[in-house]
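The values are calculated or read from the model by the stated rules, or taken from the named source; none is laboratory data. What you see is a predicted model; the values in this text were computed from it and never measured. Reconstructed Cβ throughout: ideal geometry from the backbone, glycine too, with neighbour counts over all protein chains shown.
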Amino acid sequence: MKAAAAWFEEALGYACRDAALLEAALTHRSAGGPHNERLEFLGDAVLNCVVARLVFREFAAADEGDLSRFRASLVSGEALAVIALEIDLGQYVRLGSGELKSGGFRRKSILADALEALFGAVYLDGGFDAAERVIERLFIPRLDRLPSAAELKDPKTRLQEAVQAKGLPLPGYTVESISGEAHNQVFQVSCSVDALGLRAVGVGPSRRRAEQAAASEVLSALPKASVRSPPVQEAPVQPGSPEINSSDTTSS
């Protein structure tokens, strides 16, 4: 673990006093023995607290919804995996033989979980202030690269706001199909904005993900869409009323 300890101090700017904590944080459950899932749980909580304070301080004019979107973007699994790759975390994660052969050291979920576990280890080893310094070291440079709050809204929210701005009814979502085993299902969901004649189908591992994919497709077509005029309906002829032919003429 000497190489891992040296890497850890260089990458995160912290010298871990308890080698067992560092070893556990870098051990995936597939490797057997003490692993990093409990530390991941703790690190996730510490990370969210520190990043919440960061965005609260950085974006003084942002409301609660925007602050939540900024935080969610920074601490997403995708964002954590990017950081883990940048600091070469995968080289130091201990994996079982099966995970190792399948390239687990590059798997985003494993990398993101290990990074959170490291935050948990620092918290236990040096307290909240130490964990905060480590997290800020990694996340403060990313604040300037955050998209705008509007861009961070999910596709369903952006589509809903767009159609409401046009004074139109909300989009409709319909589950078209569900396939696959119970633990590995694939959802197909359609999204329709009838007033604009728009419809798209999204696919995802959950209903929510499929809805977001469908909404994203409809959003991309929205700028070129125009409101459809409702069909003209003729007024029904009342019983006993004489029919009038437009070609008839009357003379006085």
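Looking only at residues in the range 1-60 that are under 21 Å from the mean Cα position of the chain (by Cα) and among the small types (Gly, Ala, Ser), the one that is farthest from Ala84 (Cα to Cα) is Ala52.
Condition check ((1) closer than 19 Å to Ala3 by Cα; (2) hydroxyl-bearing (Ser, Thr, Tyr); (3) in contact with a Leu (Cβ under 6 Å, 6 or more places away or on another chain)) across all residues:
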position: Ile87; (1), (2), (3): yes, no, no
position: Ala112; (1), (2), (3): no, no, yes
position: Leu118; (1), (2), (3): yes, no, no
position: Val122; (1), (2), (3): yes, no, no
position: Phe128; (1), (2), (3): no, no, no
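Do we find that Arg142 is touching a residue at least 60 places away in the same chain (Cβ under 8 Å), touching a Gly at 6+ places or on another chain (Cβ under 8 Å) and surrounded by fewer than 18 Cβ atoms within 10 Å (Cβ to Cβ) in this structure? So Arg142 does not fit the description; no. Checked against the criterion of being over 17 Å from Asp18 (Cβ atoms), β-branched (Val, Ile, Thr) and touching a helix residue (DSSP H, G or I) at 6+ places or on another chain (Cβ under 7 Å), the range 111-125 contains not a single residue that satisfies it. Being more than 16 Å from Ser109 (Cα to Cα), at pLDDT 95 or above and in contact with a Lys or Arg (Cβ under 9 Å, 6 or more places away or on another chain) is a condition met by at least one residue of the range 33-51.
From the residues in the range 125-139 that are surrounded by 17 or more Cβ atoms within 10 Å (Cβ to Cβ) and among the acidic types (Asp, Glu), which one is farthest from Ala62 (Cα to Cα)? Checking each candidate, the answer is Asp125.
Got a sec? Which of Ala31, Ala81, Ala11, Ala6 is in the same structural domain as Glu136 (by TED's automatic domain parsing), touching a helix residue (DSSP H, G or I) at 6+ places or on another chain (Cβ under 7 Å) and of a type in the set (A, V, I, L, M)? Give the derivation first.
Details: Ala31 fails: touching a helix residue (DSSP H, G or I) at 6+ places or on another chain (Cβ under 7 Å); Ala11 fails: touching a helix residue (DSSP H, G or I) at 6+ places or on another chain (Cβ under 7 Å); Ala6 fails: touching a helix residue (DSSP H, G or I) at 6+ places or on another chain (Cβ under 7 Å).
Selected residue: Ala81, the only one of Ala31, Ala81, Ala11, Ala6 that is in the same structural domain as Glu136 (by TED's automatic domain parsing), touching a helix residue (DSSP H, G or I) at 6+ places or on another chain (Cβ under 7 Å) and of a type in the set (A, V, I, L, M).
If the condition is being crowded, with 17+ Cβ neighbours inside 10 Å, of a type in the set (D, E, K, R) and not in a helix (DSSP H, G or I), then the range 63-107 contributes Arg94, Arg107. Taken together, the residues in the range 171-190 that are surrounded by fewer than 13 Cβ atoms within 10 Å (Cβ to Cβ) and either within 22 Å of Thr157 (Cβ to Cβ) or in contact (Cβ under 8 Å) with a residue 24 or more places away in the chain (or both) amount to 2. Among helices (runs of 4 or more DSSP H) entirely within the range 1-59, having at least 1 residues that are under 30 Å from Ala149 (Cβ atoms) singles out 2-12, 37-58.
Scanning the range 61-77 for residues that are free of Cβ contacts under 8 Å to residues at least 40 places away in the same chain and either on the phi > 0 side of the Ramachandran plot or in contact with a helix residue (DSSP H, G or I) (Cβ under 7 Å, 6 or more places away or on another chain) (or both) gives Leu67, Arg71, Val75, Gly77.
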